[in-house]
Amino acid sequence: MARSINGLSVDVEDWFHVGAFEDVIARGSWDGLTDRIECNVSRILEMFDEAQVKATFFTLGWVARRHGPLMRRIADAGHELASHGWDHARVFTMDRARFSDDIAKARATIEDAAGVAVTGYRAPSFSIDQRTPWAYMVLAEHGYSYSSSVAPVAHDHYGWKEAPRFAFRPLPWSDLLEIPVTTAEFAGRRLAAGGGGFFRVLPYAFSRWAIRQVNRRDGRSAIFYFHPWEIDPDQPRVAGAPLKSRLRHYTNIDVMAAKLRQLITEFEWGRMDVLAHREAIALERDAA
């Protein structure tokens, strides 16, 4: 049986962009903070090159504006550049007009920096949910091909538990595709299993089990993501952040790189735009 090709993605944001620290780090202070993007993304590019895998880099426009040569390096290495919005504002904190401005500004900045077309989008903190039914209409109006902005689970920080687990078309009149991040099922419950903090904190065996379930039992591709700061034990520590936020952010960052190397060699991986194309064909075939 052929091995499933899974979607590998990196959400390109720095340690001070994360939602867990938004109440203790002001946006206006970002330019004065230590920038760790260059060194961490360079490590990731080397890791992917060694494993001979291609991935999608969902990048903040804020980052692209400051790291043009790095954006070109990512594209030149054969990876996809996609949008993660402008400055990590979650979709449900914006109205339709502000969201439209946000994704337009981010896309133009990434495209100008790298000289490639941007067709994919991921909402910061998977923040497209039942509160933002208009978001897909805006993405379709801007001509995006796919989104990977939904976590179909219940979670205190994000989640749309009623959403489908696998790729779907959120608008009946548009070809726009939504590809949710991976969940597994156990005892009738959905479990978050698509990467990030869950991958860092839980034993590696859990992620292996979850991806195998999706690939073998469900016959589908898994969608995995992580952040550059998650492989960086030397990043600055945030004073005054709540204990829960610090535990979520810093736990196991010293072993994350080794776990990633194991993951990307054990399973087959590819770019999200390629996966989106395959999912679109499968949906058309199923509808015929």
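Give me a count of the residues in the range 173-204 that are outside any helix (DSSP H, G or I) and farther than 30 Å from Met137 by Cβ. Within the range 173-204, residues that are outside any helix (DSSP H, G or I) and farther than 30 Å from Met137 by Cβ number 9.
Inspect all residues belonging to the range 121-128 and state whether any of them is at negative phi, open to solvent by 50 Å² or more (accessible area, probe 1.4 Å) and outside any helix (DSSP H, G or I). No, that holds for no residue.
Out of curiosity, is Gly7 within 30 Å of Val214 (Cα to Cα), crowded, with 21+ Cβ neighbours inside 10 Å and not acidic (Asp, Glu)?
Working: within 30 Å of Val214 (Cα to Cα): yes; crowded, with 21+ Cβ neighbours inside 10 Å: yes; not acidic (Asp, Glu): yes.
Considered against the rule, which asks whether it is within 30 Å of Val214 (Cα to Cα), crowded, with 21+ Cβ neighbours inside 10 Å and not acidic (Asp, Glu), Gly7 comes out as yes.
Within the range 32-41, the residues that satisfy the criterion of being open to solvent by 20 Å² or more (accessible area, probe 1.4 Å) and not in a loop (DSSP other than H, G, I, E, B) are Gly32, Glu38, Cys39. Tell me whether the range 150-167 contains one or more residues that are modelled with pLDDT of 95 or more, open to solvent by 20 Å² or more (accessible area, probe 1.4 Å) and in contact with a Ser or Thr (Cβ under 7 Å, 6 or more places away or on another chain). Looking for residues that are modelled with pLDDT of 95 or more, open to solvent by 20 Å² or more (accessible area, probe 1.4 Å) and in contact with a Ser or Thr (Cβ under 7 Å, 6 or more places away or on another chain), one finds at least one in the range 150-167, hence yes.
Of all residues in the range 46-99, how many are in contact with a Lys or Arg (Cβ under 6 Å, 6 or more places away or on another chain), surrounded by fewer than 19 Cβ atoms within 10 Å (Cβ to Cβ) and of a type in the set (Gly, Ala, Ser)? Qualifying residue count, the range 46-99: 1.
Answer yes or no as to whether Tyr136 is over 22 Å from Arg248 (Cα atoms), in contact with a Pro (Cβ under 7 Å, 6 or more places away or on another chain) and surrounded by 14 or more Cβ atoms within 10 Å (Cβ to Cβ). When the stated conditions are applied, Tyr136 passes them. Only one entry of Pro236, Pro228 meets the criterion of being farther than 27 Å from Pro152 by Cβ and not aliphatic (A, V, I, L, M), and that entry is Pro236. Residue pairs whose Cβ atoms lie under 6 Å apart, sitting 6 or more positions apart in sequence or on different chains, and linking a residue in the range 78-95 that is on the phi > 0 side of the Ramachandran plot to a partner that is open to solvent by 30 Å² or more (accessible area, probe 1.4 Å) and at pLDDT 95 or above, are Gly78/Lys54. Candidates Pro170, Pro133, Pro152: the one that is in a loop (DSSP other than H, G, I, E, B) and free of Cβ contacts under 8 Å to residues at least 24 places away in the same chain is Pro133.
Summed over the range 168-182, residues that are buried (at least 20 other Cβ atoms within 10 Å of the Cβ) and in contact with a helix residue (DSSP H, G or I) (Cβ under 8 Å, 6 or more places away or on another chain) total 7. Screening Ala106 on (1) in contact with a Gly (Cβ under 6 Å, 6 or more places away or on another chain); (2) open to solvent by 10 Å² or more (accessible area, probe 1.4 Å); (3) hydrophobic (A, V, I, L, M, F, W, C) shows it passes everything except condition (2).
How many of the residues making up the range 21-36 are under 14 Å from Asp87 (Cα atoms) and of a type outside the set (Lys, Arg)? Reasoning before the result, please.
Step one: filter the range 21-36 for residues under 14 Å from Asp87 (Cα atoms), giving 21-22, 25-31.
Right, trim to of a type outside the set (Lys, Arg) and you get 21-22, 25-26, 28-31.
Count: 8.
The values are calculated or read from the model by the stated rules, or taken from the named source; none is laboratory data. Computed from a predicted structure; not experimentally measured. Note: ideal-geometry Cβ built from the backbone for every residue, glycine included; neighbour counts use all protein chains shown. Areas reflect the complete protein model, heavy atoms only, side chains present, ligands, DNA and RNA absent. Shrake-Rupley method; radii C 1.70, N 1.55, O 1.52, S 1.80 Å.
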